[in-house]
Amino acid sequence: MTRLPAPWGSRINRDKPVSFRFEGTKFTGFEGDVIASSLAANDQWMLSRSFKYHRPRGLMSMAGSEADTLVQLPSDPNVQADRHQISEGLQVTAQNVNGSLANDRDAFMDKLGRFMPVGFYYRTFMGPTRNAWLKFWEPLIRKKAGLGVLNTDATHQDYEKANLFCDLLVVGGGAAGLTAAIEAAEAGADVILAEMEPDIGGALTYRRDSSDLLDDLRTRATACPTLRIMTDTLVNGWYEDNWLPLIRGNKLFKTRAVEVILATGAIEQPATFRNNDLPGIMLGSAAQRLMRHYGVKPGNRAVVLAANPDGYRVALDLLDAGVELAAVVDPRAGGSGGDLADALRRKGVKILTGDITGAQGKKHLQSVTVNGQNIPCDLLVMSVGSVPMWQLPCQAGAKLSYDQDHARFNLTLPDAPLNIAGSVNGLSSHDAVTTDAIRAAHQVLARLDLPHRDIAGVEDTEAAFANFEPTITAHPKGKDFIDRDEDIQVKDLQNATKEGYRELELIKRFTTVGMGPSQGRHSALATARIVAKATDRSIAETGVTTARPPFAPETLGVLSGHHHPAERRTALHQEHLRLGADMRPVGAWWRPYFYGNKINARRLIDEEVQAVRENAGVLDVSTLGGLEVRGPDAGEFLNRIYTMAYKKQPVGRCRYCLMTNEMGTVIDDGVALRLADDLYYVTATTGAVARVYADMLFWNAQWQLDVDVLNVTSAFSGFNITGPNARQVVEALNSNIDFSREGFAYLEGREGQVAGVPVRAMRIGFTGELSYELHCPSSHALTLWQAIMEAGKSVNLRPYGLEASRILRLEKGHILIGQDTDALTSPDELGFGWAVSKTKPFFIGKRAIEMRRNKGLPRKLVGLSFDAPRDSQDVPQESCLVLRDNVPVGHVTSSLWSPTLNKHIALAYVHGDDSDIGTQVTLKCRNGKLLNAPVEGHAFFDPDNKRQEV
Amino acid sequence: MKTFPLSPGGAADNVTLIDDVITLTDLTPLPRFGLKGRGSAAWLQAQGRPLPQINQIASGVLRLGREDLVVVEAADDLRAAWHAAPAPKGYNAWREETWAWMHLSGQHLGDVLAKICPVDLSPAAFKDNQIAQTRVGYLEAIIWRHTFEGREGFSVFFDIAATAFFANAVTTAAREFSEG
Amino acid sequence: MKILTCPMNGPRNINEFQCFGPVKNDPDPATTSDADWARHLFRADNSRGVITEWWRHVPSNYFFLAERNATTNEVIRTFTPQDAEARP
């Protein structure tokens, strides 16, 4: 392993060798090496096989974009070998290989290319049977085409998210970005500079004659207290109002910047000729990165294709590194390398005018064809032009245009607070780039109201030479790759236009050009040129496809961060656990499902139901939504919100609340207790209270009634004591409330004290039994609960859970909003006409309910019961269909076994004409069996309400 | 006897509040009295209490809206006076029952808050005694730059039923700073 | 993420807000025909250009109005319902 001597190799620590394995073979590199650089130093240039034709591929850009450098790590697929640093013992394998990298069994695919034109998939894999694609072709192709392998046993990692704020975010830490950031920070702005590479400097870290400028910028940057530099940080998108995701390792920084300067640089472009994808053919910047970052000699005998001054600089660099220069080839007609060319000539380098039409070699470059002659070489370096890094600017609304004179894409930005500077702005020389950055920084400073000066626009003496427009013609034998990720050749694009595709977005989807990991970074310009020529349009008209976030691949972990499912606990949470409750989440709330050992769940739930029916039970109803509606207009407000009338409701009385939306659909229910002329305590269903509260505020923002609404759901806890012996329990409480039959009638409400706790007591319930519901401020809940349990000792009061509560409510035929109702349910469909005021001039939904009533009743919720054994499958479960003439007309909304009645009971929507009691309806069980049952009322148990009103 | 979530037997009494790179202190049992609805501001002012601008605090009075105020100094006296007073006097906002009250302080205060609150809470952007009604720890919350017992930091008011959730969210957010 | 400026709480990320839709001129349910009422319920104008919408700042439960250009998504101004009449 030989490396170039320092100062080549700025990123490697030659004192720290690092060993790792690639394809099972041990390699040694240095700390700071990336996988590709340490392999190249060991003369291992092939990294992968290509996507479609399984051609040998190696590094081309050293900038982490093309699919060719993606490798597999044990727990991470698709890792960029030219950006991922090696570590001791790292196991790296090649991707997209059948067999081994050196001897890929699918390499014959290369010879079949002419049988696989673009659109091949769409045409070929349609038959022979209807589902052939899904069953046969797709799995086969996926296996052949697959990139890395996901390790589902990967170890857990934490992913973090944080918010960041700054006056100015500078994206890109090259000459432009650093200069702009320093200028702004020196004037007092709070600046963040984000650089995706491990060091700052951008092209200055590898470009010839750049170290003085870089040293100067580094020194100035260190002296700026308000400049935060974040390296290894990817800015992966631009979103409205300058909101940008910065990703560093496992952490996502959601960054809000007042101003943004995009100094994202430019992407060097490859040339187009036959076999331009052979290992050993690379961009000028890639050769420079190998030498200056890693001290790796990119080859022994080189040809340089130079269509701009940078090409000549690379040639000089190669000479300095001891690479033999076979020739410099300048494709520009009358092209001149100026002083740089003279310097090369003085060193005896041959400079040819002409073009490269092909390359030869099996697994590595062996020669290139220039002006019809083969020149032996193992390295071809291409410097033929670049495109501005357009992705982030275009996401932010920049327009890409084509400058015919300079053969390049230009970006024009919309208005501030966004700026571009440096080579992304079409500039090339150090002077021009830094001057442009100072201009951008001072424009930002002016808008930030910080000290600034006016900087004139810059002229770049080099920009005119930076790009070269080649004539791209398809090689008769092909393999002139435009998009290496997708194995797209010149003729593929030309053929797509012959198929009639003109629009780039469609050509992209038909050919898949630009759809690989590099997302058009190295293909967009050539594609535009080919398509423009083939469709007789200008390149500006052809354009590029829409750039969308993310800029580079990101992991799902980064997007997800920590997972925090909402969790709310009632005041009695620990008390329930102490009593052995099986706690389960219901929305955000944790509630007792039943009390006791899981193994006995069914028996315990039955016993809890039985306790309520025969003795007394207590349920924690604290999760019930609680609202206080108060003010002189409180009654009028409730009149408009709910379907019943509340203005004349006496203080100390409860009234049912049914809420409909403007379509007349039932959306919530509850109970309102009037505590004073101007104060109602209203319950809402657990899941809906947040929405009900917001809706109430919304309506009153429009009505402007003199009323205040407060959500007291968490502030109040509640316990429902229910069962034939419930009165014995409450009468045993130490209380100033008269709980007697005479003193506290059904649907009445009282305020008082229980065990020193302020309590709101209501005779309401959900079980159909004699019920008292006691509400209190949550800080007193434990005291109240303990008092209730103490008072209940004499009758063996039993706490019961949610499942028993569901059974009890269904036995009594009480509906659950959201379970027994859907987005269309009207009060009439529930048989709740009694709850809809006919005299009120207005309530939300009134008009719609009337209109729907005039249209007849399409369906109605009814009760159904089935005398099958408890575990029978021949019973319709929730969501089973109700059929009429074999056509679905409704469905089962609730279905449970009633331990009280010893049969299956259900609520279901049936056709409106079938809703009379006794009408036979047909249901389809989950097992497909059809079943007939007569329509019943909702209440299966105590339909005459003899038990709850005693 | 009152039981708060972190009291013995309370809903979150098995939760340990973090006290290393960041310190979470439960202030839920401290007195506070909220008034809301028409008449609240006038009544409070008539009691000689200051009436700050919305989203500001003055002498222990937090103003969250035109008629939405929370008093955290001498709150119990005020509550007694309010119960005895005739209307109009606004309505009880039950802030001692609806909200948990926690204080955050410590070495990594800024780092942790940047992870759990979307508002810029840096000293330059968010001054002492400033209030923001926003999200903290994935919950709707009120955050107030507040020095408690000499510890610079923030007080946060949020749904009392989410006490355990909030404490766990803060602990998780702080974890990356305590490791390594 | 877009920033929306709440008249009471100032500029905040838009995910702190909930949109309650364009301000509608509610017809009088007592005098409107069935067809017109159905139109009121089910037909949204979905117009281009500047519309006025109801928004709620969720953490503070504050309702306000915003004039927003539905084509460009630019928010022209936000204001309290009390200021609704005092349009410039």
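Quick rundown of the values:
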quantity	calculated
Residue in region A:807-821 that is within 14 Å of chain C (Cβ to nearest Cβ) and open to solvent by less than 10 Å² (accessible area, probe 1.4 Å) present	no
Qualifying residues in region A:710-752 (those that are open to solvent by less than 20 Å² (accessible area, probe 1.4 Å) and within 14 Å of chain B (Cβ to nearest Cβ)) - the one nearest to residue A:772 (Cα to Cα)	A:718
Residue count, region A:301-315 (criterion: open to solvent by less than 10 Å² (accessible area, probe 1.4 Å) and within 18 Å of residue A:4 (Cβ to Cβ))	4
In region A:1-29, residue most open to solvent (accessible area, probe 1.4 Å) [restricted to those that are hydrophobic (A, V, I, L, M, F, W, C) and without any contact (Cβ under 8 Å) to a residue 60 or more places away in the chain]	A:1
Qualifying positions in region B:5-31 - of a type outside the set (Ser, Thr, Tyr), within 14 Å of another protein chain (Cβ to nearest Cβ) and open to solvent by 20 Å² or more (accessible area, probe 1.4 Å)	B:6, B:8, B:9, B:13, B:14, B:15, B:26, B:29, B:30, B:31
Selection from region A:366-408 of residues that are modelled with pLDDT of 90 or more and among the aromatic types (Phe, Trp, Tyr)	A:390
Pair list, Cβ under 6 Å, 6 or more apart: region A:564-582 residue within 18 Å of residue A:715 (Cβ to Cβ), other residue open to solvent by 40 Å² or more (accessible area, probe 1.4 Å)	A:569/A:590
Filter result for residue A:563 (at pLDDT 90 or above and either within 30 Å of residue B:13 (Cβ to Cβ) or open to solvent by 30 Å² or more (accessible area, probe 1.4 Å) (or both))	no
Residues of region A:673-688 that turn out to be in contact (Cβ under 8 Å) with a residue 60 or more places away in the chain and either within 12 Å of chain B (Cβ to nearest Cβ) or part of a loop (DSSP other than H, G, I, E, B) (or both), as a count	6
Among the residues listed as B:164, B:124, B:132, the single one being open to solvent by less than 50 Å² (accessible area, probe 1.4 Å), over 14 Å from residue B:104 (Cα atoms) and within 10 Å of chain A (Cβ to nearest Cβ)	B:164
Selection status of residue A:755, touching a residue at least 12 places away in the same chain (Cβ under 8 Å), away from chain B (no Cβ under 14 Å) and surrounded by fewer than 23 Cβ atoms within 10 Å (Cβ to Cβ)	no
Failed criterion for residue A:698 (all others in (1) open to solvent by less than 10 Å² (accessible area, probe 1.4 Å); (2) farther than 25 Å from residue B:5 by Cβ hold)	(1)
Filter result for the condition that a residue is open to solvent by 20 Å² or more (accessible area, probe 1.4 Å), outside the structural domain of residue A:59 (by TED's automatic domain parsing) and touching a Pro at 6+ places or on another chain (Cβ under 8 Å), over A:338, A:372, A:354	A:338
Hits in region B:32-70 (condition: in a loop (DSSP other than H, G, I, E, B), of a type in the set (D, E, K, R), within 14 Å of chain A (Cβ to nearest Cβ) and buried (at least 16 other Cβ atoms within 10 Å of the Cβ))	B:32, B:38, B:67
Filtered residues of region B:111-121 (kept if at the interface with another protein chain (Cβ under 7 Å from one of its Cβ atoms) and in contact (Cβ under 8 Å) with a residue 40 or more places away in the chain)	B:115
Residue check, residue B:73 within 14 Å of chain A (Cβ to nearest Cβ) and either over 28 Å from residue A:164 (Cβ atoms) or open to solvent by less than 20 Å² (accessible area, probe 1.4 Å) (or both)	no
Residues of region A:524-555 satisfying the condition of being at pLDDT below 90 and either within 14 Å of chain B (Cβ to nearest Cβ) or part of a helix (DSSP H, G or I) (or both)	A:539, A:540, A:541, A:542
Matching residues, region B:140-161, being more than 8 Å from chain A (Cβ to nearest Cβ) and touching an Asp or Glu at 6+ places or on another chain (Cβ under 9 Å)	B:140, B:141, B:145, B:146, B:147, B:152, B:158
Strands (runs of 3 or more DSSP E) completely within region A:311-399 that count 2 or more residues being within 49 Å of the chain's Cα centre (by Cα) and not β-branched (Val, Ile, Thr)	A:356-360, A:379-383, A:386-388
Candidate set from region C:60-70 (those that are under 11 Å from the mean Cα position of the chain (by Cα) and within 14 Å of chain A (Cβ to nearest Cβ)); member that is farthest from residue B:69 (Cα to Cα)	C:68
Search result, residues across region A:852-876 that are open to solvent by 60 Å² or more (accessible area, probe 1.4 Å) and either farther than 29 Å from residue A:941 by Cβ or under 39 Å from the mean Cα position of the chain (by Cα) (or both)	A:852, A:853, A:854, A:855
Only listed residue being of a type outside the set (Ser, Thr, Tyr), on the phi < 0 side of the Ramachandran plot, open to solvent by less than 20 Å² (accessible area, probe 1.4 Å) and within 14 Å of another protein chain (Cβ to nearest Cβ), chosen from A:613, A:630, A:640, A:591	A:630
Hey, residue A:428 farther than 12 Å from residue A:263 by Cβ and open to solvent by 40 Å² or more (accessible area, probe 1.4 Å) or not	no
Cβ-Cβ under 6 Å pairs, at least 6 apart or on other chains, region A:920-931 side farther than 13 Å from residue A:863 by Cα, far side of a type in the set (D, E, K, R)	A:925/A:874; A:929/A:874; A:930/A:924
Near pairs, Cβ below 8 angstrom, 6+ apart or cross-chain, from region A:157-181 (at positive phi and more than 10 Å from chain B (Cβ to nearest Cβ)) to any residue that is assigned to a loop (DSSP other than H, G, I, E, B) and among the acidic types (Asp, Glu)	A:172/A:195
Flag for residue A:849 being among the hydrophobic types (A, V, I, L, M, F, W, C), touching a Gly at 6+ places or on another chain (Cβ under 6 Å) and surrounded by 13 or more Cβ atoms within 10 Å (Cβ to Cβ)	yes
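Here is a yes/no grid of residues against (1) at the interface with chain A (Cβ under 9 Å from one of its Cβ atoms); (2) open to solvent by less than 40 Å² (accessible area, probe 1.4 Å); (3) acidic (Asp, Glu):
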residue	(1), (2), (3)
C:2	yes, yes, no
C:18	yes, no, no
C:30	yes, no, no
C:38	yes, yes, no
C:44	no, no, no
C:48	no, no, no
C:53	no, yes, yes
C:58	yes, yes, no
C:81	yes, yes, no
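The values are calculated or read from the model by the stated rules, or taken from the named source; none is laboratory data. Since the structure is predicted, the reported quantities are computational estimates derived from the model, not experimental observations. We place every Cβ from the backbone using ideal geometry, glycine too, and count neighbours over all the protein chains shown. Quick note on the areas: whole protein, heavy atoms, side chains included, nothing else; ligands and nucleic acids left out. Shrake-Rupley method; radii C 1.70, N 1.55, O 1.52, S 1.80 Å.
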